[in-house]
Amino acid sequence: MDSAAVAGVAAEAVDSAGSAVDLRAAEVLPVGGDNRVGDNVDLLKELVTKLEHAFSDRLVSVILYGSAASPVHADRFADLNILCVLKEVTPRELMEGEPVLNWWRQKGHPWPLLMSDDEVHNSADSFPIEFHDMKERRRVLYGLDVIADLHVDMRNYRTLVEHELRTKLLRLRQQGASLLSQSANLLVLCVDSVNTFCVLGRHALELDGKKPKAERRAVVRQLAEVLHADMKPFEILLDIREDKTGPDAGGLADPGELFAQYLVCIGRLITFVDGLEARG
């Protein structure tokens, strides 16, 4: 789940036996009121309305999760990650949901996760990172809170975080290798990936027993301290992503140089997570 690779941190550490743990339930609020989703309130309401029209009584739940659902920090640049739960997901649901899902994607948001109610309850051990995020930060926009009583098996948590990091690094390298002579496209590739690595960085901090911050830049600062590394490439990419500066940010006018330093930072993060196995 690339979109999930997504945002958020766990609320509680794994118990010493590594068995399934019941994470602290996140604050659950409907759209509107004190939900801190800012300018996206109307957009989320429109999404829910479209999903209701598409699926009628087959719609079980619509949940916003990740940074945009944080009750503490409002991040207007956060992805609007959506979990849409249906009674079942068949070709019929895919066909009827296509216009809504395409409309949402055209708005610039990640594809919603479309799952059946049974899939949610039976796949928590297969996607502990994603459900880990949802347990910590979510907002129920419609229907039932299907996450509240979900138990997430965290026995393979560290291994899966490392797997996600290595897989996404390999993909970044492969795509970057084909764009080294296309500076603008190379920069876009890096900017588009930085949020995912910030999310995985949160999980790395959690694995180390730290309490990760909610805001991306705060997470990057925490990582710099823990890794004893200069995480400036992450900061520059976040600046560009949030339109706070131009492509020449921080004096790194060459996207190739920024890409190279970015890979070094990610490599340091992977080495850190890999080392946690020996410590644990």
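The values are calculated or read from the model by the stated rules, or taken from the named source; none is laboratory data. Quantities reported herein were computed from a predicted structural model and do not represent experimental measurements. Neighbour counts are summed over all protein chains in view; Cβ atoms, including those assigned to glycine, are modelled from backbone coordinates with ideal geometry.
I need the helices (runs of 4 or more DSSP H) fully contained in region 40-155, keeping only those with at least 1 residues that are in contact with a Pro (Cβ under 7 Å, 6 or more places away or on another chain) and closer than 29 Å to SER193 by Cβ.
Here the list reads 91-106.
Restricting to region 214-238, and then to whatever is free of Cβ contacts under 8 Å to residues at least 12 places away in the same chain and over 20 Å from ASP274 (Cα atoms), can you tell me which residue is surrounded by the fewest Cβ atoms within 10 Å (Cβ to Cβ)?
ALA218
Could you say whether any residue in region 189-209 is more than 27 Å from VAL100 (Cα to Cα) and free of Cβ contacts under 8 Å to residues at least 24 places away in the same chain?
Scanning region 189-209, I find no residue that is more than 27 Å from VAL100 (Cα to Cα) and free of Cβ contacts under 8 Å to residues at least 24 places away in the same chain, so the answer is no.
With PRO128, PRO112 as the choices, which residue is modelled with pLDDT under 90, under 29 Å from GLU215 (Cα atoms), buried (at least 18 other Cβ atoms within 10 Å of the Cβ) and of a type outside the set (S, T, N, Q)?
PRO128
Tell me whether region 142-153 contains one or more residues that are touching a residue at least 24 places away in the same chain (Cβ under 8 Å), more than 29 Å from LEU51 (Cβ to Cβ) and touching a helix residue (DSSP H, G or I) at 6+ places or on another chain (Cβ under 8 Å).
Checking region 142-153: at least one residue is touching a residue at least 24 places away in the same chain (Cβ under 8 Å), more than 29 Å from LEU51 (Cβ to Cβ) and touching a helix residue (DSSP H, G or I) at 6+ places or on another chain (Cβ under 8 Å).
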